[in-house]
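Q: If you scroll down you'll find the structure; I have some questions about it.
Readers should treat all values here as calculations from the given coordinates under stated rules, not as data from a laboratory. Bear in mind that the values here come from a model prediction, so they are computed numbers and not experimental data. For neighbour counting, all protein chains shown are included, and Cβ atoms are generated from backbone atoms with ideal geometry for every residue, glycine included.
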Amino acid sequence: MVTANAKWDRELRFEGAADTAYTVMMDGDSKVANSPMQLVLIALCGCTAVDVVNILQKKREPFTSVEVSAEAEKCPTPPRVFTKIKLRYRVGGKVSRQAVDHAVRLSEEKYCSVAAMLNRAATISYEIYLDG
C-alpha cells in the first residue's frame, strides 16, 4: 500500500508528501509551483525515463543522456483530464536505434504504471530522437 497526503498552505498552494516523506509543493494556479496535473505529466516522464534507463543499462547500451518531455491536450470541460499526450525521448550516446525503440516500447506497453493509468483516459504517442 502507498499513502500520500496534501496539506493546505495558503491560497491554492499545498505541500504534498508520500511514504518517503519527501515533500513537493503544488499550486492550483501554477504561480509558485507546478499544478497537480503538471505533476502527473512530470510523473509520466519520470516513470518512463526510469524504465528506459534500466532497460538500456541491462542491454549495456553506451548512452550518455536520457531526457523525456511531454506535451498534452486536456478536455475543455471539467474534469479536465488529459486526452492526448505526446512523449519525446531524446537519448544521447552511441546507442542503437533498435535498442532504444525496444526500451521505449517495453516501458509504454509493460512497465510504466503511470502510462498504464493514463492510457485509460488519453491516447499516448511518442517520438524518439538520437543524439550521438
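Q: Using all Cα-Cα distances in segment 83-132, what percent lands in each 5 angstrom bin from 0 up to the longest?
A: Calculated P(r), rounded to whole percents: 5, 20, 28, 22, 14, 9, 2, 0.
Q: If I take every Cα pair under 8 Å that is 6 or more residues apart in the chain, average their sequence separation and divide by the length, what percent do I get for the relative contact order?
A: Details: 208 pairs, mean separation 26.8, N = 132.
Computed over the chain, the figure is 20 percent.
Q: Residue by residue through segment 80-95, which ³J(HN,Hα) values in whole Hz follow from phi under the Karplus form 6.51 cos²θ - 1.76 cosθ + 1.60 (θ = phi - 60°), with glycine and proline marked x?
A: Coupling constants for segment 80-95: 7, 6, 5, 10, 9, 9, 10, 9, 10, 9, 10, 10, x, x, 8, 9 Hz.
Q: Of Pro62, Asn34, Trp8, which is farthest along the charge dipole of the chain in the positive direction, counting Lys and Arg as +1 and Asp and Glu as -1 at C-beta?
A: Highest projection toward the positive end goes to Pro62.
Q: What is the order of Tyr126, Tyr22, fewest Cβ neighbours within 10 Å to most?
A: Details: Tyr126 18, Tyr22 8.
Taking fewest neighbouring Cβ atoms as first place, the list is Tyr22, Tyr126.
Q: Next up: So if I average 1/r over every pair of distinct C-alpha atoms in the chain and take the inverse, what Kirkwood radius in Å does that give? Before the final figure, lay out each step's value.
A: Values: mean 1/r = 0.0619 Å⁻¹.
Averaging 1/r across every pair of different Cα atoms and inverting gives 16.2 Å.
Q: Under 17 Å Cα to Cα from Lys31, which aspartates and glutamates show up? Leave out anything in the same chain fewer than 8 places away.
A: Asp9, Glu11, Glu15
Q: Follow-up. Straight-line reach from Lys59: which lysines have a Cα under 27 Å away, not including same-chain ones fewer than 8 places off?
A: List returned: Lys86, Lys94, Lys110.
Q: A follow-up question, please. Counting only DSSP beta bridges with both residues in segment 36-131, what percent are antiparallel, rounded to the nearest 5?
A: Bridges in segment 36-131 that DSSP calls antiparallel: roughly 55 percent.
Q: Turning to a different aspect of this structure: Please give the charge dipole size of the chain, origin at the Cα centre, charges +1 on K and R Cβ atoms and -1 on D and E Cβ atoms. Round to the nearest 20 debye. Working shown, then result.
A: Details: 18 positive and 16 negative charges, 61 e Å.
The dipole of the chain has a size of about 300 debye.
Q: What does the helix-only formula give at 222 nm for the chain: each DSSP H stretch with n ≥ 4 adding -39500 (n - 2.57), the total divided by the residues, and the result rounded to the nearest 500 deg cm²/dmol?
A: Details: 3 runs with 39 residues, N = 132.
Here the helix-only value at 222 nm equals -9500 deg cm²/dmol.
Q: Note down the magnitude of the dipole of segment 26-94 about its Cα centre, charges +1 on Lys and Arg C-beta and -1 on Asp and Glu C-beta and zero elsewhere, to the nearest 20 debye.
A: Values: 11 positive and 7 negative charges, 66 e Å.
With only Lys, Arg, Asp and Glu charged at Cβ, the dipole is about 320 debye.
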